[in-house]
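The values are calculated or read from the model by the stated rules, or taken from the named source; none is laboratory data. Computed from a predicted model, the values in this text were never measured in an experiment. Quick reminder, even Gly has a Cβ in these numbers, built from the backbone with ideal geometry, and neighbours come from all protein chains shown. Heads up: the accessible areas ignore ligands, DNA and RNA and are worked out on the full protein's heavy atoms, side chains in. Shrake-Rupley method; radii C 1.70, N 1.55, O 1.52, S 1.80 Å.
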Amino acid sequence: MTEPSRIYLSREDIAGLVERLASEIGGNYRDRSLTLIGVLRGGFVFLADLVRQLQAPVRRVDFVRVESYGAKMVSTGRPQIVQGISRESIAGQDVLIVEDIVDTGATTAAVLRYLRRHGPASLGLCTLLDKPSRRQVDVSVDYVGMTIPDHFVVGYGLDFDERYRDLPDIWVIDPERED
Ligand code: 5GP
């Protein structure tokens, strides 16, 4: 079954998480100017909501695009940065990565490695959702909206085979059953 089966986080729940994260981040970056780097494609809705709530000066918004998941619910190998940023956009800047979800950690680790090479003054990491039980690569997340168990979730930017990104709530897709 690859249909969303039940709402896991309502739009109101999500708005509450975004508000709290924006206030935590705003408190820490109040006197600095932030460069936000969204991770495409799943993070686009979260970034759009977060940036409008942040009480910190935002200098620039940029995106990287990473590909690793195919049409299935499991990773298909080492993540590749398929769309990067220009060097000037983050050199010497306070950078915050904005992720939809940290799962095995492989994507985040690849983004961190890639951005570090561009010489930011600082590099922070914010994710809406975190699935620590699935972690294979150790990454340190600075801001977590919510820790969730090993569910595959869609909506609010997150897809299954490119579908469901437009859903305003976050839904669970239960794994295919053999019975
Ligand atoms: P990781 O490299 O940490 O295993 O996976 C990170 C990426 O996999 C996320 O940015 C997201 O695009 C995708 N991903 C991981 N877990 C889920 C999930 O539960 N639902 C969806 N739709 N994508 C996921």
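Kindly establish whether Pro168 is modelled with pLDDT of 95 or more, away from the ligand (no atom under 13 Å from the Cβ), farther than 19 Å from Ile90 by Cα and surrounded by fewer than 18 Cβ atoms within 10 Å (Cβ to Cβ). In short, yes. Screening Asp150 on (1) in contact with a helix residue (DSSP H, G or I) (Cβ under 7 Å, 6 or more places away or on another chain); (2) within 12 Å of the ligand (Cβ to nearest atom); (3) open to solvent by less than 40 Å² (accessible area, probe 1.4 Å) shows it passes everything except condition (3). Only one of the numbered conditions (1) closer than 19 Å to Tyr8 by Cβ; (2) modelled with pLDDT of 95 or more; (3) surrounded by fewer than 21 Cβ atoms within 10 Å (Cβ to Cβ) is violated by Ile101, and that is (3).
All conditions in (1) modelled with pLDDT under 95; (2) surrounded by fewer than 20 Cβ atoms within 10 Å (Cβ to Cβ) hold for Leu112, with the sole exception of (1).
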